[in-house]
Amino acid sequence: IVNAILGEERFITSPIAHTTREPNDTLVEYDDKHYIIIDTAGVRRKARIEEGMEKTGVRRTMSTLRNADIAVLVLDATKPIDHQEKRLAGVIRDAGVGCIVVANKWDLIDNKETNAVRDYENYVRGHLPFIPFAPILTVSAKERQRIHKLFPLFDTIVKERERIIDDNALDKFLKQIIVKHKPARGKGVAHPVIFRLKQIAAKPPKFELVIKGKRTDVLHPSYLRFLENRLRERFGFIGTPIHFHSRPSKRS
């Protein structure tokens, strides 16, 4: 993928996975904008990680992820999504970085019907539930197909991660949402009441929910997912995780 972006054989590559042992930083200019592309070491299951250079590379990869704006999760479109890729999707979400799922080797997919891309996207969504917000791009690094579409996605996701929603817009949003779907109860016996929804941070977007009472676990996780989905429908946040923080209130 990196070689296709650069348009030159900048790094040593191989058809065998996990040949990159340490992260490599490259400054790329595209459409008068500059990007730092980091080609990271492959991350395998712990039992398969060798000592020495590879182990150090994996450690640096995880450190790099925490400091990145966007992670590109590269899948092999010719192979099933495996457990490690599912785990990495969770790691990306927990790190709070933006994400694009890139399905490479799309040129090797035979009998591409009209719905081939849509069917593959549905397959990815079903197997990578931790990152439903991530755009999916089918590419061929070998043929350099659709590689250029990464850069507009980079720009879009960076803007979405920096998006701030003002308090008035969120107050109106919360009132409308509660009317349509009252908060579902999680733990505790009291029915949850949400007094306020406020954005407290960006990169990634973080929202604070002020909950009636002393407990913060009274909201059912499904209701948080519902809130997240409605937030995305109304305000966007393409390609970035959204985090919620609940704060108790004694207000009656």
- Note on the structure: Going through region 203-243 in order, the residues found to be open to solvent by less than 10 Å² (accessible area, probe 1.4 Å) and not in a loop (DSSP other than H, G, I, E, B) are F207, L209, I211, Y223, L227, L231
- Query: What pairs come up if the first residue lies in region 69-82 and is under 20 Å from I242 (Cβ atoms), the second is in a loop (DSSP other than H, G, I, E, B), and their beta carbons are under 6 Å apart, counting only those six or more places apart or on different chains?
  - Reply: A71/V97
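Every residue, every condition in (1) β-branched (V, I, T); (2) within 27 Å of I37 (Cα to Cα), yes or no:
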site: R118; (1), (2): no, no
site: N122; (1), (2): no, no
site: I136; (1), (2): yes, yes
site: A141; (1), (2): no, yes
site: H148; (1), (2): no, yes
site: F151; (1), (2): no, yes
site: F154; (1), (2): no, yes
- Item | region 119-146, residues that are assigned to a loop (DSSP other than H, G, I, E, B) and among the aromatic types (F, W, Y) | F130, F133
- Note on the structure: Of the residues in region 162-187, those that are of a type in the set (V, I, T) and open to solvent by 90 Å² or more (accessible area, probe 1.4 Å) number 2
- Message: Among the residues in region 176-189, are any charged (D, E, K, R), over 30 Å from A4 (Cα atoms) and either in a loop (DSSP other than H, G, I, E, B) or modelled with pLDDT of 95 or more (or both)?
- Response: yes
- Query: How many residues does region 95-148 hold that are surrounded by 15 or more Cβ atoms within 10 Å (Cβ to Cβ), within 26 Å of R225 (Cβ to Cβ) and either over 20 Å from the mean Cα position of the chain (by Cα) or among the charged types (D, E, K, R) (or both)?
  - Reply: 1
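The values are calculated or read from the model by the stated rules, or taken from the named source; none is laboratory data. All values derive from a computational prediction rather than experimental measurement. No Cβ is skipped: glycine too gets one built from the backbone with ideal geometry, and neighbour counts run over all protein chains shown. Surface areas here come from the heavy atoms of the whole protein model, side chains and all, with no ligands, DNA or RNA. Shrake-Rupley method; radii C 1.70, N 1.55, O 1.52, S 1.80 Å.
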